[in-house]
Every structure is written in C-alpha cells, then in structure tokens.
1. Given a Förster radius of 45 Å and the C-beta distance between K586 and L108 as r, what FRET efficiency does 1/(1 + (r/R0)^6) yield to the nearest 0.05?
2. Calculate for the chain the 222 nm mean residue ellipticity that helices alone would give, adding -39,500 (n - 2.57) per DSSP H run of length 4 or more and normalising by residue count, nearest 500 deg cm²/dmol.
3. Under a Cβ-only charge scheme (Lys and Arg +1, Asp and Glu -1), can you give me the dipole magnitude of segment 56-172 about the Cα centre, in debye to the nearest 20?
4. How would you rank 431-444, 785-798, highest first, on the average number of other Cβ atoms within 10 Å across their residues?
5. Sort 377-387, 800-810 for me by packing, meaning the mean count of neighbouring Cβ atoms within 10 Å per residue, highest on top.
6. Go through segment 498-507 residue by residue and turn each phi into a ³J(HN,Hα) via Karplus (6.51, -1.76, 1.60, θ = phi - 60°); whole Hz please, and just put x for glycine and proline.
7. Through the Karplus equation 6.51 cos²θ - 1.76 cosθ + 1.60, θ set to phi - 60°, convert the phi angles of segment 811-822 into ³J(HN,Hα) values in whole Hz; use x for Gly and Pro.
8. What length, rounded to one decimal in nm, is gained on full extension from R196 through to E494, with 0.36 nm per residue of separation minus their alpha-carbon distance?
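Read the figures in this text as sums done on the coordinates, not as results from a lab. The structure displayed is predicted, hence computed values, not measured ones. Here the Cβ positions follow ideal geometry from the backbone for every residue, glycine too, while neighbour counts run over all protein chains shown.
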Amino acid sequence: MSKSISKVNSNNKKDFVENQFEYHLKHTLAETPEYSSIMQKFFALSNTVRDIIAERWLQTEEKILKRRELRIVNYLSMEFLIGRLLYNNILNLQVEDEIKELLSRYDLTLDEIALLEEDAALGNGGLGRLAACFLDSLATLGYLSYGYTIRYQYGLFKQEIENGFQREVPDDWMKNGYPWEFPKPEESVKVKFFGRSEAYTDEKGRLRFRWVDTYDVLAVPYDIYVTGYDSDIVLVLRLWQPKALNEFNFAEFEKGNYEKAVYEKNLAETLCKVLYPNDAFFQGRELRLKQEYFFVSAAIQDIIRRHKRRYRNDLYNLSSAEVIQLNDTHPTLAIPELMRILLDEEGYTWEEAWEIVKNTIAYTNHTVMPEALEKWEAPLFQNMLPRHYQIIEEINARFLNEVAYKFDGDLHKIINMSVFEEGNIKKLRMANLCSIASFSINGVSELHTEILKKTVLKDFYEMYPEKFNNKTNGVTQRRWLLECNPPLAKLIKESIGDGWITDLYELKKLEIFQDDPEFLEKLDKAKMWNKERLAKYVKEKLDIVIDPNTLFDIQVKRIHEYKRQLLNILHVIHLYNEIRAGKHLKVPRTFIFAGKSAPGYRMAKLIIKLINSVANVVNNDPIVSKELKVVFIPNYNVSAAQIIIPAANISEQISTAGTEASGTGNMKFMINGALTIGTLDGANVEMLEEVGEDNILIFGLKAEEIEEAKRKGKYNPFGIYLENEKIRKVLDMVRTGYFTPETPELFEDIFETLIYGKHAPMPDQYFVLADFDAYAQAHKKIEELFLNKQEWNRKSLLNIARSGKFSSDRTIEEYVRDIWKTQKV
Ligand SMILES: *Cc1c(COP(=O)(O)O)cnc(C)c1O
C-alpha cells in the first residue's frame, strides 16, 4: 500500500494515519486490530509516525547533497538526554488531532499510549539535555546538522528509594525494542585501539607514521531522525554501537595467545554497555576513555566520508563545509583523530592538517570545578592511543614554542598552558588541548564565561582573546511548554496566538494581561491543573497525599553538594522547628525534591537519605503535616520533569555562587510560571536581568564574595554554628539522629563535613551555613507574597512573558552567528 507521503497535508493526514496504523498492525506486527495489545498499538503508532519522518529524511538528504554552500553542524556529545519521542514527534509533525481521533476508535488516549515508551536516558543531566534541546532547535530552525553519540545498552540507572536510600537498577531501555532508530550497517567503520606507532618513509621520501598491531572493533551506526516543529527537514542523531569484527581470532589462538584471541570480542561487548553515571565529576577509568575514543573516531570517519561524497574531492575545504562542536571535553579526541587521519591516511603535511583542524573544531566548556575537569593519566592514554599521544605531544611542543615567544619565556605560563601536567603521574589536561586546537571557546552563561576567562582558562584568554565567547544556554519551548503544559499552552495560544512556539520572545505580548484579574484567574487555573496532575502522580508513585492548594516549592536536579539540596532540607527542618514552637507558616507548603546521585557519591546519597528521613517525620506529625509536607519523588528523568516542573510555584536554584555554569532547569521553571528563589549563579543572573528584581527572589553571597572568603581562608562555619541558635538546633538534630532514631549516627558525616571539613578541602566548602539566614529570609518573603494571590499570579505571568531569552532557539542562532557561520536550508 504505502502511497507516497512526501506531502502529508491536512486533507490526507487523517487517511494516511489510519491506513498506516492498520498496515503496521497487520504487516509489521502480524496482528489484528481486535486482538493486538496496547503495546503493539504503541509500536504500530510509532511506525506510522516513523513513516512520515523517513520520507522527510530522504528530502533532507537530497538537500544536504545539493546545497553544498551550507556548512553542516556536527554536535559531538557523550550524552543526549532525549526522553520520550512519540508525543514530541506528533506535535512537531502536527498530526495530534488525527492521531487522537484514530486512537479514540480503539478506546485509547494518546496519553496512555505515550506512557509505554521508555525514556531514552542517554545522559546524566543538564549537559545531555542541552544537546537534546539543541537538536530540537536546529531541526526547527532548519540548519543541516548531525548529532553523534554512543548507543549505550544501558542508559542512566533507574533510581528506586528503599527505606529512604537510593538503590540503582539497570536501565534496559531497549528491552522491548526501540521504535525510533534506523540501523545503517553499511555505513559501519572500523575503530582501532592499542598497538604502536610505526615510522616509515613514503614513496616521496617523506617521514610518515602508521598505527599498527591494533585491536579493532566495528562501529555500527543507528540513526534517530530528529523532527523540528513545522519543519520539512529532519536531522540525524547517530548512535554508534560496537560490534566484534572477529568473533574469535584463530591466528592468535594458534600462537597460544588465548586472551588476545577473544579480546576484540570482549572489547566490543563491554565497550558501550553502560553510561557512566557521574555528573560534573571526572573519574579516570580506562573504559571511559575507550568509549570517548570509540564514538569520536567513528564520528570523524563518518564526517570525512560524508564530506567526500558531498564534494567528490579532497578535504582542503573541510572547515568551510563542516564544523565540529565539542560538548565539553569528552569528545576532545576529535582533535588528534582528525589530525591522524589527515596526516597518516590522507597524506597531508602537518601544517595543512593543522590548518584544517583548527578551523573546524569549536569547544564548549561546562564547568570550572576542578574535580570535573578531565585529566587522563599519560601511561594509560599512551598505551591505548599511542599515535594520538604522539600527535598531542607534537601539537603541544609547537604550541609551547608560541607561548614562549609571545610571553617572553614566562615559565608559569608554559607550565599552566601545557597539555601535560607534570607530577608524580604525568597527566593530559583535555581542556588545555581543546583551548589550543579550537577556533572558538565558549562558556554557557555570562557569569560562567567571565569566570572562565578569569580563572581556569585565564592564560588562554590572554593568548587568544578572540577565541572566547559566551553562549547562554536555553531550552526548547516545544518540549518544555507546548508538550509538558497543555493548559498553559492553550491559554497562551488563545490570548496571543501561536507565534511563540517558534519565537519565544512573542511571550512578551502577555505583559498586557498583567493587571487583568480575569486572565490571572485563568493562569491560576492552569497552574492548579498541573498541581493536581502532580498530586495524582505522587499519590500513585508514593501513596502520599499532597494538597494542590499548598505552595509547591520544588528542587529537582542531580543531587550534588554544590547544588545545595542540603541548604533546602536544613531550612525545612528549621520550619518544622518553628511550627512545633507554635510559629505557624503563613501559607501551607509542600517541598518537593527529586534527583539522582552518582552511585559512588557518599555525601549525595546521604543527603537523599536525609531528605527522606525528614519527609518521614514531617509527614507523619499530625500537627506539622497540616501545613508542611516533604516528598522525594524517585527516578527523576525527562518524563518526570515534564510532570513536575509545570506544577511549581517556587523553583529552587540555590547553588553556591560561582559553581553552576548555567543551569537549564531554572529556565524550564521560569517558562512554566514559577518564581525563582536563587543565588546570583549561572543563568540566574540573566533571569534576574530579564524579569526584574521584583519578580525573583535573589539571596546569598555573590561569586566574588565566595572567592574572596576562600582566598583569605576566613570562613568559619563553626563560629556560625556556635552563634546562630536556629542553625545550631537544626544541625544538632541532624547530628544526633533526630530523624533516624534507629541509626542515630547516620548523618554525623554531614555535620562533620560542614563544621570540620571532613572528607573535604575546607569546612562547609559550599557555604551552606553562610547563606542560611539569607535563604530563610527569602522564604519568609515568599510566604508574604503568596498570601496575595493576584499579585503572585502577576509575578508568575511576568516570569513567563519575560522568558523569551531562554529558548534554545536563541542560543542556536547565536552559535550560528558567532561560531558556525551557516545558513538555514
Ligand atoms: C533540565 C534537566 C536537568 C538539568 O537541571 P539543572 O537544574 O539545570 O541541573 C537535569 N535532568 C533532567 C532530567 C532535566 O530535564
């Protein structure tokens, strides 16, 4: 059947959807409509949507070949946290009504079908979700681009809460089959490891190198086509899957090398088993380095293959036809890998190769925290990638010559800027290699970029000021408003139309309703719908009743000391004490937490247990629970975020100033009408600028003040503990096991880290106690504000209306303008 669907228009959409759905039930799944399960209907429906997408890909591919003047964006990222795709694709392709009608004939709703899809959790948090938002914007705006990553067999672990503790469960996300990927085995490439670099003289008498005696695996691409809103083009997110070239190496076996005989097979099987669950923390594991090289090598080979197909010639013009954006330093090996291919395989000279590389690669930095910076041990690196090591040494030697020349032999500069950190074990600093080889270096918020220039990359900024630029992060309003908040999206469409879906600045028009009580009442109703939906979710998942009429105060993000969930829960304990002392809250409040801890992060796991222990005591206190509740929602992921975030009255963005590079959760909350309580950190600074100081609650020490306190070593949390009675009371309860009488010492380490700096470089290194009073004050103000509902709704509206800057469409347009220099199709 499959009639051509190149133009699925409003007249034939309905027929098309119905026909394809039945076709897939019958022919793809061999089922009848009557006897098929709801899961089979999910697959039939996904395949129906897939058909439209595949057709659009063919059109896009034609454009890639024809429109050779367009530079292609390659976004290399170890993580793409894309979440569910069915509803997202349906909205983008604008077939929602037709599909809802079709499903109604089977007594099904789109909501219940969409729930059957597993979240593709191929990322840890903000960095991976940013990559996903960027693809959405690139597709919507119409820029030809590819995303490259790994096809992890297991995504980020699922979190269960058992007796208040986090328990990790493997995320077998493909167990039922995954409907959105297209395997492309014919475009597989070979990736090499280990071996040695061999010098030889080529036919022209030139000294050349080749990488020999390697272990090899095949990289097989699986493509997910990424749709854009109302866009004809779709993009490719290419996931690389390792596969053994040789199941068994008989030659090695014959020689008695039994390990070698099966090494390649084992390598292929273990290489991409699982995503490393660390967020903003570096752990120098060999397998992780293998993963990084595996996907980067496959991506670079793929880019070169595509380029040759597109131009039918050499690679001299590579940098004008392709740009490679590195999402943090995880794909840094793109630099020596591209050099290696150009030198060893394509026969370019060093100067020619370097010219191409340094005009093709651009680098995004995501953190200034030292524990997150990638530093690979030189012996490990050199053993696995001997030829790359050699190339990096050469890049570095040539670069240090320039440094010595430019800075008059300044030894400090040479030591700081070298790729190699000397010491007991020599290490490779990937941020330095990126800064040397990239034509662009960007931070992800104004504050973060300034801190980069002043601290970790200071010397590079002095050397190459022109490379540095800021690209404040954003989020896609298609997923983070249109898809996740139906009543608000509807209200906005009814009042100002739907231009905001592709131009978020249009929301500015909502300001005319700021003094319109009728409109504000509708806004309040939309918020109430979301709060009721969340209350239902919490009841189903946790069997806890929360009241949508209370103030919903939400902190959802990875659990990290720098994000200071501890400050939040300590303040909740303080409120508990106040209520017990007869000082009642002015408005009843529900504090909601969610987030995963890295499995090996002791302190973060302890904080999860503390939140759950406090929740247990608070929620079961017959007096306190009338005005205060605490819930920890397990397994925070993109789909959970889509339910939780629209329900917030207050968004908690309380990281220690100078630690959160940007944050993107903060933006999702703002777009959905929450007021932010936050520090002057990351993009909060720019949110304040946009929304105005009357509509956001800023508190706490500023980045320079934290910096100064650290420099002078004058911060004394023990002094605060002694002097501040409220804080002392709270900490003593934590320390002596008030919330866990069965294990009274459980939280002693939290106390000792704050007061004595146990397991830490200094006491309370994230300044929790220093900011406590200011935080409590800001919360008092929140209560006052919430008493006046109309005034609150007005502030909520202004947050929505002034959130235009925080669309990833704006971010992408800035990348295009300043870095990628390309045009729309
Ligand atoms: C947006 C998002 C994040 C990032 O949140 P931050 O508050 O910026 O740390 C993390 N995880 C998920 C699932 C998200 O959707």
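1. Working: r = 45 Å, r/R0 = 1.00.
The pair K586/L108 has a calculated efficiency of 0.50.
2. Values: 32 runs with 372 residues, N = 825.
Helix-only estimate at 222 nm: -14000 deg cm²/dmol.
3. Values: 13 positive and 20 negative charges, 178 e Å.
Computed charge dipole of segment 56-172: roughly 860 debye.
4. Ranking the peptides 431-444, 785-798 by packing returns 431-444, 785-798.
5. Answer by packing, highest mean first, reads 800-810, 377-387.
6. With the stated coefficients, segment 498-507 comes to 10, x, 4, 5, 10, 8, 5, 4, 4, 4 Hz.
7. Listing the rounded values in order: 4, 4, 4, 6, 4, 5, 5, 9, 10, 7, 6, 10 Hz.
8. That pair, R196 and E494, stretches by 100.7 nm at full extension.
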